[in-house]
Amino acid sequence: MLIIGRTILLACTLCGSAQALIPSASAPAPDAAASLSVRLDDGGGTPYVFYRRDNICGKGIKNPASITKPATVNYEALLEATDEVRKIKKNRIDRQSAEGLQLMTQAKQKVLSACETVRRANSHCGVWKKITRRDGVGVADITAKVKAEMGGK
């Protein structure tokens, strides 16, 4: 772990992004190694701030410059709207049990499919749990459209 930490610190120092190692006071401090590997910023002034793990669907965006028209959703609310999650809560099924994992997988697949349909219909480049613009301009929230696509429950 010590060698990996030094390697990351050296890489951040050489790339000029050593500030990524300093946790923000306003945000919870995630695992430093995990956040460094998933935070995307080309350093060239891309207008968006996001984490790769927050991408729900899209064209496999790897370069921040390729983001043109993103959308956000309230992922937890969409999961709660699925029959599978309702069944888990109603029957008090452990999410880590075999049945719970199967139901959660089905719920996530249902949300993903609906997000992809709405994304394509509205010409969005990707759907994110959270993405913001540096200049403060809002990003489209398509939660209601996705919920309607899933059955409107």
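Things worth noting here:
- Single condition Leu40 does not satisfy, out of (1) under 16 Å from the mean Cα position of the chain (by Cα); (2) modelled with pLDDT of 90 or more: (2)
- Residues satisfying the stated conditions in segment 118-143, i.e. in contact with a helix residue (DSSP H, G or I) (Cβ under 9 Å, 6 or more places away or on another chain) and over 15 Å from Asn74 (Cα atoms): Ala121, Asn122, His124, Cys125
- Matching residues in segment 107-147 - criterion: being within 14 Å of Asp83 (Cα to Cα) and loosely packed, with under 15 Cβ neighbours inside 10 Å: Gln109
- Checked against the criterion of being in contact with a Gly (Cβ under 6 Å, 6 or more places away or on another chain) and over 17 Å from Ala144 (Cβ atoms), segment 91-105 contains one or more residues that satisfy it.
- No other residue among Glu84, Glu76 is among the charged types (D, E, K, R) and closer than 20 Å to Arg52 by Cα apart from Glu76.
- Restricting segment 61-85 to residues that are of a type in the set (S, T, N, Q) and assigned to a loop (DSSP other than H, G, I, E, B) leaves a set whose member that is nearest to Pro47 (Cα to Cα) is Thr68.
- Tally of residues being touching a residue at least 12 places away in the same chain (Cβ under 8 Å) and either more than 20 Å from Ala140 (Cβ to Cβ) or loosely packed, with under 13 Cβ neighbours inside 10 Å (or both) across segment 80-97: 6
- Inter-residue pairs, beta-carbon under 8 Å, first modelled with pLDDT under 85 and in segment 53-70, second small (Gly, Ala, Ser), 6+ apart: Cys57/Gly126; Gly58/Gly126; Lys59/Ser66; Lys59/Gly126; Ile61/Gly126; Ala65/Gly44
- Filtered by the rule that a residue be assigned to a helix (DSSP H, G or I) and in contact (Cβ under 8 Å) with a residue 60 or more places away in the chain, segment 98-134 gives a lone residue, Arg119.
- Selection status of Ile88, under 14 Å from Cys125 (Cβ atoms) and either out of contact with any Ser or Thr (no Cβ under 6 Å at 6 or more places or on another chain) or in a helix (DSSP H, G or I) (or both): no
- Filtered residue count, segment 135-153, keeping only those that are under 17 Å from the mean Cα position of the chain (by Cα) and outside any strand (DSSP E or B): 5
The values are calculated or read from the model by the stated rules, or taken from the named source; none is laboratory data. No experiment lies behind these values; they were computed from the predicted model shown. Virtual Cβ from ideal backbone geometry, glycine too; neighbours counted across all protein chains shown.
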